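Any read-out appearing in this document is the output of simple, stated calculations on the displayed coordinates, not a laboratory observation. A quick note: this is a predicted structure, and the numbers were derived from the prediction, not measured. So basically every Cβ, Gly included, is an ideal-geometry build from the backbone, and we count neighbours across all protein chains shown.
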Amino acid sequence: QAKAAGRNAIRFFDPQMQTALDMRADLEADLRHALEKRQFRLYYQIQVDRLHRPLGAEVLLRWAHPERGLVFPDQFIPLAEETGLIVPIGLWVLETACTQLKAWQRDALTRDLTVAVNVSARQFHQANFVAQVQRVLLESGAPPAQLKLELTESVVLENIEDTIGKMHEIKKLGVSFSMDDFGTGYSSLSQLKRLPLDQIKIDRSFVRDIAFDSNDAAIVHATIAMSQALGLNVIAEGVETEAQREFLDHHGCHAFQGYLFSKPVPLEQFEELLN
Ligand code: C2E
Ligand code: MG
Ligand code: MG
Ligand code: MG
């Protein structure tokens, strides 16, 4: 009874908030069954070098919801993180990406491509994450050297000692690491320098105004210089215009990802893109 009254009280005081809570509850209920109903899709976004030659792809998750249509990660990843559902979902992403990586070994056109997989904090800090990566590599037969895991600064901040230890163990398997959305988080350079990274990924918020905003241009320039000084590979995300590509190229960033080359697309379309 008290529960019902409490619920009514919320409705009375803030109907909008109640609607938001109801919607969230619906979404959460649907999310719980999305895996078994096979509603997730992987989209592939090409990464290219300065001659537009394909280097690989980042896999990006989509949820093909029966009523809502294609749902983007911003709409469900935070909820998946909170509920812990990101753990089985993230495992599915890793398995699917590695299975594809293995399949690509049969064709000269796709044999050398790398696949970048986003890993969330909750997933990475699971006690058995390293074992999972190892198992998925073994079961899929994917070449570890062509698998790249993208971490964000939030992963690092959650527990830096655990992060460093796990990264070293995973690197021993042959897998590499990219620091996603670089510069948008709150980690310090003294923390970052302790991580066994292979790549820095310049966030698209810095790339966007690179040609007009001298501050963004300076940040990007400095990030590229720092990456080079640390012996790290660097890639820019969110490259939409030739002017942006040109600036990045000129300053020493020779790998690109963004709508200028292609949006994230389903596998069949990605493979057509390569032809
Ligand atoms: P992210 O890893 O930084 O991925 C890049 C995002 O930028 C993608 O959004 C991509 O579609 C978008 N993007 C790429 N090029 C351009 C461009 O030129 N212009 C603009 N405006 N946007 C561009 P998306 O697919 O909506 O994914 C958003 C975020 O969701 C990702 O950011 C990543 O943090 C997360 N995410 C996606 N898939 C997964 C996944 O499988 N697992 C986890 N844990 N997170 C994921
Ligand atoms: Mg990413
Ligand atoms: Mg990113
Ligand atoms: Mg980003």
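Pick from 123, 16, 47: which residue has the top mean-square fluctuation in a GNM of the chain where Cα pairs under 10 Å get a spring?
Largest GNM mean-square fluctuation: 16.
Considering every pair of different Cα atoms, what Kirkwood radius, in Å, is found for the stretch 1-134?
When all Cα pairs of the stretch 1-134 are included, the Kirkwood radius is 17.4 Å.
If a/c stays under 1.5 just call it rounded; otherwise compare a/b with b/c (prolate if a/b is bigger, oblate if not). Do that for the stretch 108-227, with a ≥ b ≥ c from the square roots of the Cα gyration tensor eigenvalues.
Because a/c hits 1.5 or more and a/b fails to exceed b/c, the stretch 108-227 counts as oblate.
Fewest first, what order do 17, 179, 167, 226 take by the number of other Cβ atoms within 10 Å? Don't jump to the answer; show the numbers that get you there.
Details: 17 11, 179 26, 167 23, 226 16.
Least to most surrounded, the residues fall as 17, 226, 167, 179.
Please arrange 99, 114 by how many other C-beta atoms lie within 10 Å of their C-beta, fewest to most.
99, 114
Going by amide H atoms built from the backbone, whose H comes under 5 Å of the H on residue 56, apart from near neighbours?
Long-range HN contacts for residue 56: 47, 114.
Would you give the gap between the C-alpha center of the stretch 145-167 and the C-alpha center of the stretch 173-230, rounded to a whole Å?
15 Å
Can you give the charge dipole size of the chain about its Cα centre, rounded to the nearest 20 debye, using +1 on the beta carbon of Lys and Arg and -1 on the beta carbon of Asp and Glu?
Roughly 660 debye, rounded to the nearest 20.
At a Förster distance of 22 Å, what's the computed FRET efficiency of residue 138 paired with residue 28, Cβ-Cβ distance as r, to 0.05?
0.10
Comparing 189, 109, 173, which has the greatest mean-square fluctuation in the GNM of the chain with Cα pairs linked when under 10 Å apart?
189
Cross-link candidates for residue 148: which lysines have Cα within less than 26 Å, leaving aside residues fewer than 8 places away along the same chain?
Here the lysines satisfying the reach criterion relative to residue 148 are 102, 166, 171, 172, 193, 201, 263.
What span do the alpha-carbon atoms of the chain cover on each of the three principal axes, reported in whole Å from largest to smallest?
Over the chain, Cα extents along the principal axes are 66, 46, 40 Å.
Near the amide H of residue 255, under 5 Å away, which other amide H atoms are found, from residues 5 or more places off or on another chain, if H is placed in the peptide plane?
When sequence neighbours closer than 5 places are left aside, the close amide H contacts are 236.
Could you compute the FRET efficiency for residue 211 and residue 70, with r as their C-beta to C-beta distance and R0 at 35 Å, rounded to 0.05?
That gives a FRET efficiency of 0.65.
Per 0.36 nm of contour for each residue apart, how much would the distance between residue 95 and residue 186 grow if the chain were fully extended, relative to their Cα-Cα spacing?
That works out to 29.7 nm of additional length.
Counting Lys +1, Arg +1, Asp -1, Glu -1, what net charge surrounds residue 145 among other residues with beta carbon under 15 Å of its beta carbon?
Here the count lands on +3.
Taking Cα centroids, how far is the stretch 49-92 from the stretch 14-37 in Å?
Cα centroid to Cα centroid, the span is 18 Å.
Cut-off 10 angstrom, C-alpha nodes, Gaussian network model of the chain. Which of 78, 15, 66 fluctuates the most?
Maximum fluctuation in the GNM of the chain, among the listed residues, is at 15.
Output wanted: per-residue J couplings in Hz (rounded whole) for the stretch 258-275, from phi through Karplus 6.51 cos²θ - 1.76 cosθ + 1.60, θ = phi - 60°, x for Gly and Pro.
Working through the residues one at a time gives x, 4, 4, 9, 5, 6, x, 9, x, 3, 4, 5, 4, 5, 5, 4, 6, 7 Hz.
So how far apart, in nm, are the two label points at residue 161 and residue 198 if each is 7 Å from Cα heading toward Cβ?
Between residue 161 and residue 198, the label points sit 2.8 nm apart.
Based on DSSP H runs of at least 4 residues, each adding -39500 (n - 2.57), what is the mean residue ellipticity at 222 nm of the chain after dividing by all its residues, to the nearest 500 deg cm²/dmol?
For the chain, the value works out to -15000 deg cm²/dmol.
Could you list 201, 193 in order of exposure, starting from the residue whose Cβ has the fewest other Cβ atoms within 10 Å?
193, 201
Using only alpha carbon pairs under 8 Å that are at least six residues apart, calculate the relative contact order of the stretch 118-219 and give it in whole percent.
The value is 25 percent.
Dipole magnitude of the stretch 8-122 about its Cα centre, charges +1 at Lys/Arg Cβ and -1 at Asp/Glu Cβ only, in debye to the nearest 20?
The dipole magnitude comes to about 440 debye.
What are the residues whose amide H is under 5 Å from the amide H of residue 65, where those residues sit 5 or more places off or on another chain and H is modelled from the backbone?
HN-HN under 5 Å from residue 65: 70, 71.
Hey, what do the phi angles of the stretch 47-62 turn into as Karplus ³J(HN,Hα) couplings, whole Hz, using 6.51/-1.76/1.60 and θ = phi - 60°, x for Gly and Pro?
For the stretch 47-62, the Karplus curve yields 10, 10, 9, 5, 9, 6, 7, x, 9, x, 9, 9, 8, 10, 7, 10 Hz.
Return the percentage of antiparallel bridges among DSSP beta bridges fully within the chain, rounded to the nearest 5 %.
The answer is about 45 percent antiparallel.
Between residue 271 and residue 102, what is the spin-label point distance in nm, taking each point 7 Å from the Cα along the Cα→C-beta axis?
The answer from the label model is 1.6 nm.
Taking 2.2 N^0.38 Å as the expected size of a compact globular protein, what ratio does the Cα radius of gyration of the stretch 58-147 give against it, to two decimals? Show your work: numbers first, answer last.
On the way: Rg = 14.2 Å, N = 90, 2.2 N^0.38 = 12.2 Å.
Relative to the 2.2 N^0.38 Å estimate, the stretch 58-147 comes out at 1.17.
Can you compute the modelled spin-label distance between residue 263 and residue 172, with each label point 7 Å from Cα toward Cβ, in nm?
Going from the residue 263 label point to the residue 172 one covers 4.4 nm.
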